[in-house]
1. Can you tell me which residue in segment 100-115 is modelled with the highest pLDDT, limited to those that are open to solvent by 50 Å² or more (accessible area, probe 1.4 Å) and touching a Lys or Arg at 6+ places or on another chain (Cβ under 9 Å)?
2. Confirm whether Ser120 is open to solvent by 40 Å² or more (accessible area, probe 1.4 Å), at pLDDT below 80 and part of a loop (DSSP other than H, G, I, E, B).
3. Considering only segment 61-92, how many residues are surrounded by 14 or more Cβ atoms within 10 Å (Cβ to Cβ) and more than 20 Å from His123 (Cβ to Cβ)?
4. Quick one: Val133 ticks every box in (1) open to solvent by 30 Å² or more (accessible area, probe 1.4 Å); (2) at pLDDT 95 or above bar one, so which box is it?
5. Could you say which residue among Gly53, Gly97, Gly79 is in a strand (DSSP E or B), at pLDDT below 90 and over 14 Å from Ser128 (Cβ atoms)?
Amino acid sequence: MRRDAARRMLPLVVLLCAVTAPLTLRAQVQFVAHGLGSVSVDVDDQDATSGAGFGFMAGAGIRLRNLEFGGEYGQHGLGDDRKAKQYGGWIRVFATGQGRVRLYLVAGIADYRYSPASGSRSHSVGGSVGPGVIIPLGSPRTSLLLEARFHSGFDRLGVISSQEFLSVSAGVRLAP
């Protein structure tokens, strides 16, 4: 008899958990999204060609106190018709403090897919690191994002240089 009562209560318990879990989760976790336009400069001194170009990055993730992490996609122009597409993840660690303007360190790991002007396409796993700042724009949910990242492929760690470039970005961060 107890077993039948428990079976009848199970759908009610599941429904109650499904309704209250997002409310509890929302109180603890803040979802964020960002979109950035960038200027990228090829700093790889081993390449015969180098240059600069425009790019973009878009990402979404979650924020926990002084930490944000998530996934992102980006494309960086490196001069001529050379591009680097980036599929990966990022983490932002914010400086402690209570001011409106927040400094942070951003790091990422990604699969970089290169489309050089001549030759075949290539790709490598790589990483990025750099400083940034978030400046609120009127609403506490909308902020200006400014950051600079150094990107490098991990495929040729034994040599001085691999596929390396620097991106300087500006964009909007939303925390709905």
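1. Ranking the qualifying residues of segment 100-115, first place goes to Leu105.
2. Values: open to solvent by 40 Å² or more (accessible area, probe 1.4 Å): yes; at pLDDT below 80: yes; part of a loop (DSSP other than H, G, I, E, B): yes.
Answer is yes for this residue.
3. Of the residues in segment 61-92, 8 are surrounded by 14 or more Cβ atoms within 10 Å (Cβ to Cβ) and more than 20 Å from His123 (Cβ to Cβ).
4. So Val133 meets the others, but not (1).
5. One residue alone meets the criteria, Gly53.
The values are calculated or read from the model by the stated rules, or taken from the named source; none is laboratory data. Remember, predicted model here, so these are calculated numbers, not experimental data. Methodologically, a virtual Cβ is constructed for each residue, glycine included, from the backbone with ideal geometry; neighbour enumeration extends over all protein chains shown. For the accessible areas, the whole protein counts, side chains as well, though only heavy atoms, and no ligand, DNA or RNA atoms are used. Shrake-Rupley method; radii C 1.70, N 1.55, O 1.52, S 1.80 Å.
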